[in-house]
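K.L.:
Please read through the structure below; I'll follow up with questions.
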Amino acid sequence: MKGLSLFTLGNVALLISLYAYCGYSDNAMFPLELESGLSDQQVSKCREASRNPGAATESIPLYWPPGKLDEPGDHFYNAWFSVQLCAMRELPLKRMIDGQVTIRLLIDSSFHEDIVIRIERDVAEVRMISRIWGAPELGTESRTLDTSEVRLSQRHWSALEVLLEELPFWELDPLDSGGGKDGSTWVLEVSSKDRYHIVERWEGYGLPEVTSLILALADVEPTR
């Protein structure tokens, strides 16, 4: 995972102190809900922090309650993935209302582009928003964020639901002890009215069918 060896305890401590910027969902199972959207200043700080662990992080919010993504007493992953999602202007997934479900896949890469694919279903339609944050240009930290949105069919949504149940996604441990320093980390979230779950896996191991379908629907192939 990029930058983990450099992401100092001081940075994590600063991020942990930022729960004041967030309000808890009415159910601690769900992510934190930002009191407002992300400002341009917050996004700018997130983008700096994602490649420069020494960057100031005073206005970067954490996205999950304590213990939701990390081991008890450890907020390292919460801080790191919050920075990555904020850098791509993604908000915490909120609790849905009846008939709505959101699936989000984050691919956080050490050296290549970062990818977020969010699929939202409501009673009327299914839409997919893809964000690709390009890899830094050689010798610079310059990156581009490309966003696209398409509509999906109910057949595609049903196929995703089947694959999630077959995993079974809801019973998977959030964190996996396997992995390495470099490569990519894949984070899969699902939020509905009644439940929320998040799973992090190195290189997407253990999530092949559902993540492959999400990437195929988005017509995106991550660089490995």
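The values are calculated or read from the model by the stated rules, or taken from the named source; none is laboratory data. In this text the structure is predicted, and so the values were computed from the model without any measurement. Reconstructed Cβ throughout: ideal geometry from the backbone, glycine too, with neighbour counts over all protein chains shown. SASA here: full protein model, heavy atoms, side chains in, ligands and nucleic acids out. Shrake-Rupley method; radii C 1.70, N 1.55, O 1.52, S 1.80 Å.
K.L.:
For the range 188-202, how many residues are buried (at least 17 other Cβ atoms within 10 Å of the Cβ) and either farther than 17 Å from His156 by Cα or over 17 Å from the mean Cα position of the chain (by Cα) (or both)?
P.N.:
10
K.L.:
Something else about it: Could you figure out which of (1) more than 23 Å from Pro92 (Cβ to Cβ); (2) within 17 Å of the chain's Cα centre (by Cα); (3) not aromatic (Phe, Trp, Tyr) isn't true of Gly178?
P.N.:
(2)
K.L.:
What's the total number of residues in the range 123-137 that are modelled with pLDDT of 95 or more and of a type outside the set (S, T, N, Q)?
P.N.:
The qualifying residues number 7.
K.L.:
So which residues in the range 214-224 are free of Cβ contacts under 8 Å to residues at least 60 places away in the same chain and not in a loop (DSSP other than H, G, I, E, B)?
P.N.:
Ala216
K.L.:
Here's a follow-up. Quick check on this structure: which one of Thr211, Thr147, Thr140, Thr185 is open to solvent by 40 Å² or more (accessible area, probe 1.4 Å), in contact with a strand residue (DSSP E or B) (Cβ under 7 Å, 6 or more places away or on another chain) and either modelled with pLDDT of 90 or more or in a loop (DSSP other than H, G, I, E, B) (or both)?
P.N.:
Thr147
K.L.:
Output the qualifying pairs, or none if there are none: Cβ atoms under 9 angstrom, residues six or more apart or on different chains, first residue in the range 155-175 and touching a residue at least 40 places away in the same chain (Cβ under 8 Å) and at positive phi, second residue in a helix (DSSP H, G or I) and open to solvent by less than 40 Å² (accessible area, probe 1.4 Å).
P.N.:
Hits for this filter: zero, empty list.
K.L.:
Looking at the range 79-104, I want the residues that are within 17 Å of Ile132 (Cβ to Cβ) and have a partner that is open to solvent by 10 Å² or more (accessible area, probe 1.4 Å) and in a helix (DSSP H, G or I) with Cβ atoms under 7 Å, at least 6 apart or on another chain. Which pairs are those?
P.N.:
Every condition considered, the pairs that remain are Cys86/Gln42; Ala87/Arg47.
K.L.:
Going by the structure shown, is Ala87 at negative phi, of a type in the set (Gly, Ala, Ser), open to solvent by less than 10 Å² (accessible area, probe 1.4 Å) and modelled with pLDDT under 90?
P.N.:
Answer is no for this residue.
K.L.:
Checking Ser109 against (1) of a type in the set (Gly, Ala, Ser); (2) modelled with pLDDT of 95 or more; (3) farther than 24 Å from Met29 by Cα, which single condition isn't satisfied?
P.N.:
Tallying (1) of a type in the set (Gly, Ala, Ser); (2) modelled with pLDDT of 95 or more; (3) farther than 24 Å from Met29 by Cα, Ser109 fails exactly one: (2).
K.L.:
So Gly134 passes all but one of these: (1) touching a residue at least 40 places away in the same chain (Cβ under 8 Å); (2) touching a Ser or Thr at 6+ places or on another chain (Cβ under 8 Å). Which condition number does it fail?
P.N.:
Result: Gly134 passes all but (1).
K.L.:
Anything in the range 188-203 that is in contact with a Ser or Thr (Cβ under 7 Å, 6 or more places away or on another chain) and assigned to a loop (DSSP other than H, G, I, E, B)? List them, or say none.
P.N.:
Scanning the range 188-203 gives a single hit, Glu203.
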